[in-house]
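Written out below as structure tokens is the structure these notes cover.
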Amino acid sequence: MTHPTQDLDDTVHQRVRLGILAVLHETPRAEFAFLREALDLTAGNLSRHLQVLEESELVVIDKGYQGRRARTWVRITPAGQSAFDKEIAGLRELIRRADQAGPADESGT
Amino acid sequence: MDDAEASAHELLGLAEAAQRRTREARRGRFWFPLVLFGALVIAAAPWYHQSQSTSRSCQVGLCPVRIPAGTTHGATVYWTVAVILGYAATLGYYRWRATRVGVASRVWPYLAVGFGLFAAVAVVTLPGDLSIRGMVPLLALVPGLFVLAWLERSLPLATFGALFLAVALISNLYDVENQTPLIGWTPSAEWSLLPNLWLSGFTLLLGGLGFALATVPQRRRRTG
């Protein structure tokens, strides 16, 4: 049986990128400003992580205008949904195994 | 707790918090279609005026079944226009809120189910009596409410949907005018369908206003 850490994708297994995918998992699309505020990030930091996710085809970025105001909307791709679900399942499995191993370790010491 | 487990706990907590925050940001929009369709149902009253000469009919196996006489085609036209405008306005409102808050909501399944069911009702009941007491369009609104409750993950809306199902069935199957004297209102024979119509209309309207008032503190918390 493989260890759950082997199932974790380096692109997704990172707190900011996982946070971005978590937001996008709950909505058809979110605006850049909402992501920045929800995840408490600077614009530059968010942009860098979005670029990584876009290059991995986990999100799609749509840039446009609402009146004269520039708006950037981000949505998750099916691959992104799948990667997020896999990451969450991996994290839960890691915690479950650690919880199971915990009492045994304690009794052995 | 080792580093990997601590990190897993932290990441999971972070993801869940982000999901919770997003759900809160897109919550509380469904009051709009409730209020809108409540108003549209109430405003349908003129199409439910019955002339005495043709006010009774024995159709669909339930006798006597009264249908809005002489104006039945008018009612079908009214409902068709009202339903199209209602769902279009709902889409517009959801888009406007998405732009304002920065988070979109899934609303297309609600629009598709609501409009699809009404179109089916309109086609099945053509040439225009809209079947039992002319109130079947009220029943066509119900599945849409359950779809919306599922999309919004809202138990209160699902509960309201069940309540509205009961109310819409009463509007379709019972002469509500039998009970209106209890509140001091005895409609004339020409307007005897009005209590049926307005029972459902005001249920939607007041339910929508209740949900709107309940979401005001949440919106203030988010913007404050």
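A few remarks follow.
- Search result, residues across segment B:145-199 that are β-branched (Val, Ile, Thr), closer than 30 Å to B:Ala214 by Cβ and over 12 Å from the mean Cα position of the chain (by Cα): B:Thr159, B:Ile170, B:Val176, B:Thr180, B:Ile183
- Among the residues of segment B:6-24, those that are more than 8 Å from chain A (Cβ to nearest Cβ) and at pLDDT below 90 comprise B:Ala6, B:Ser7, B:Glu24.
- Search result, residues across segment A:48-68 that are modelled with pLDDT of 95 or more, surrounded by fewer than 15 Cβ atoms within 10 Å (Cβ to Cβ) and of a type in the set (S, T, N, Q): A:Gln51
- Only residues that are modelled with pLDDT under 75 and open to solvent by 40 Å² or more (accessible area, probe 1.4 Å) were counted in segment B:27-70, giving 13.
- Each residue in segment A:19-63 was checked for being at the interface with chain B (Cβ under 9 Å from one of its Cβ atoms) and assigned to a helix (DSSP H, G or I), and 14 of them qualify.
- A:Asp10 more than 11 Å from every other protein chain (Cβ to nearest Cβ), loosely packed, with under 12 Cβ neighbours inside 10 Å and free of Cβ contacts under 8 Å to residues at least 40 places away in the same chain: yes
- Inside segment B:95-124, residues that are closer than 12 Å to B:Val147 by Cα and crowded, with 23+ Cβ neighbours inside 10 Å make up a count of 3.
- When A:Arg17, A:Arg71, A:Arg29 are checked against the criterion of being closer than 18 Å to B:Arg97 by Cα, basic (Lys, Arg), open to solvent by less than 60 Å² (accessible area, probe 1.4 Å) and at pLDDT 90 or above, a single residue qualifies: A:Arg71.
The values are calculated or read from the model by the stated rules, or taken from the named source; none is laboratory data. Keep in mind the model is a prediction, meaning the values are calculated, not measured. Glycine also receives a Cβ, built like all others from the backbone with ideal geometry; neighbour counts cover every protein chain displayed. Just so you know, the surface numbers come from the protein's heavy atoms only, side chains and all, with ligands and any DNA or RNA stripped out. Shrake-Rupley method; radii C 1.70, N 1.55, O 1.52, S 1.80 Å.
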